[in-house]
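J.: If you scroll down you'll find the structure; I have some questions about it.
Rule-based calculations on the coordinates, nothing more; no lab input. The structure presented is a predicted model; accordingly, all values stated were derived computationally and were not measured. As a convention, Cβ positions derive from the backbone with ideal geometry for all residues, glycine included, and neighbour counts pool all protein chains shown.
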Amino acid sequence: MLGTIVNVLTILAGGSLGLLLNKRLPERFIKIFFQVIGLFTLFLGFSMALETSHVMHMIMALVTGALIGEGLRIDRWFEQWGNTLKKKIKTGNERFTEGLLTAFLLYCMGSLTILGAIEEGMGGSSRLLLIKSLMDGVSSIALASGLGVGVLFSVIPLLIFQGGLTLLAMVLGDFVP
């Protein structure tokens, strides 16, 4: 769980810095942040894809996950939860739910989340989640600067999702070849 804990802490640190900047970060810097993260993600994805011999399994897992998520309308549930949370904490930030959802999707819907959590849960290293933590921490600066405090609250579903995957891999690790 080290990788998930570090991930939560880097998002909170980066997001807090982003809130301090509070829209003072020029749009061109935000654009550069995301271009750098995007290029790094592509590089990492290509290098990981070259290491795997199970490309079809990976594609099928992504398609299956997308279909299940769409079928269960998970996006609608998250939006309702975000609006409820916004009312409970009484924030005046109109972009709270947008920040929460955008950040959560950016942080959790990639292969680093899934592969990193599984690798760590099956007794491997936290390397992938630590790399992801760095990327998420940098991204959270730009996101929180523009979208506000909702970005910080995205650590709640991240902890549940990513931590849950890690725990599931710990439990089921002996049954996976």
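J.: Lysines within cross-link reach of residue 90: Cα-Cα under 29 Å, excluding same-chain residues under 8 positions apart?
T.: 23
J.: Hey, could you get me the Stokes-Einstein D for segment 4-110, Kirkwood radius over alpha-carbon pairs, 25 °C and 0.890 mPa s, rounded to whole µm² s⁻¹? Let's see the in-between values first.
T.: Numbers: Rh = 16.8 Å.
Rounded to a whole number, D works out at 146 µm²/s.
J.: Right, another one. Report the residue, chosen from 41, 84, 166, that carries the largest GNM mean-square fluctuation when the chain is represented by alpha-carbon nodes joined by springs under 10 Å.
T.: 84
J.: With all distinct Cα pairs included, what does the Kirkwood hydrodynamic radius of segment 25-173 come out to in Å, to one decimal, could you say? Please report the intermediate quantities before stating the final value.
T.: Working: mean 1/r = 0.0602 Å⁻¹.
One decimal place: 16.6 Å for the Kirkwood radius.
J.: What Kirkwood hydrodynamic radius do you get for segment 111-155 when you take the inverse of the mean 1/r over all pairs of distinct Cα atoms, in Å? Show your work: numbers first, answer last.
T.: Numbers: mean 1/r = 0.0877 Å⁻¹.
The answer is 11.4 Å.
J.: Ok, one more. Report D for segment 45-89 in µm² per second (integer): Stokes-Einstein, Kirkwood Rh on Cα pairs, 4 °C, 1.567 mPa s.
T.: Working: Rh = 13.0 Å.
Answer, rounded: 100 µm²/s.
J.: Kindly provide the helix-only [θ] at 222 nm of the chain, computed as the sum of -39,500 (n - 2.57) over DSSP H runs of four or more divided by all residues, to the nearest 500 deg cm²/dmol?
T.: Numbers: 9 runs with 146 residues, N = 177.
After summing the helix terms and dividing by the residues of the chain, the value is -27500 deg cm²/dmol.
J.: In addition: Rank 155, 36, 55 by mean-square fluctuation in a GNM of the chain with C-alpha springs under 10 angstrom and give only the top-ranked residue.
T.: Top of the fluctuation ranking is 55.
J.: Okay, next question. Could you put 104, 40, 33 in order, starting from the residue whose Cβ has the fewest other Cβ atoms within 10 Å?
T.: Details: 104 21, 40 14, 33 17.
Ascending number of Cβ neighbours within 10 Å: 40, 33, 104.
J.: Would you order 6, 151, 171 from fewest to most other beta-carbon atoms within 10 Å of each residue's own beta-carbon?
T.: Values: 6 18, 151 33, 171 10.
Fewest-to-most ranking of 6, 151, 171: 171, 6, 151.
J.: Let me ask something else about it. Using the 10 angstrom Cβ neighbour count as an exposure proxy, how do 56, 1 rank, fewest first? List each step's numbers first, then the result.
T.: Numbers: 56 8, 1 16.
With the fewest neighbours first, 56, 1 line up as 56, 1.
J.: Pick out, in residue order, every one of the trypsin sites (Lys or Arg not before Pro) in segment 18-96 that is DSSP loop and has at most 13 other C-beta atoms within 10 Å; say none if there are none. Present the calculation step by step, with values, prior to reporting the outcome.
T.: On the way: sites: 23, 24, 28, 31, 73, 76, 86, 87, 88, 90, 95; in loops: 23, 24, 73, 90, 95.
Passing sites in segment 18-96 are 23, 24, 73, 90.
J.: Something else now. What helices in the chain pass both tests, a Cα length along the helix axis of 27 Å or more and a mean Kyte hydropathy of 0.0 or higher, using whole DSSP H runs?
T.: Working: long enough: 2-21 (28 Å, 1.93); 27-51 (36 Å, 1.29); 127-147 (29 Å, 1.22).
Passing helices, by number: 2-21, 27-51, 127-147.
J.: Identify all aspartates and glutamates with a Cα-Cα distance to residue 31 below 13 Å; exclude those on the same chain that are fewer than 8 residues away in sequence.
T.: none
J.: Note the full-extension length gain between residue 61 and residue 122 as 0.36 nm times their separation in residues minus their Cα-Cα distance, in nm to one decimal.
T.: Working: separation 61, 0.36 × 61 = 21.96 nm, distance 1.84 nm.
Length difference between fully extended and current span is 20.1 nm.
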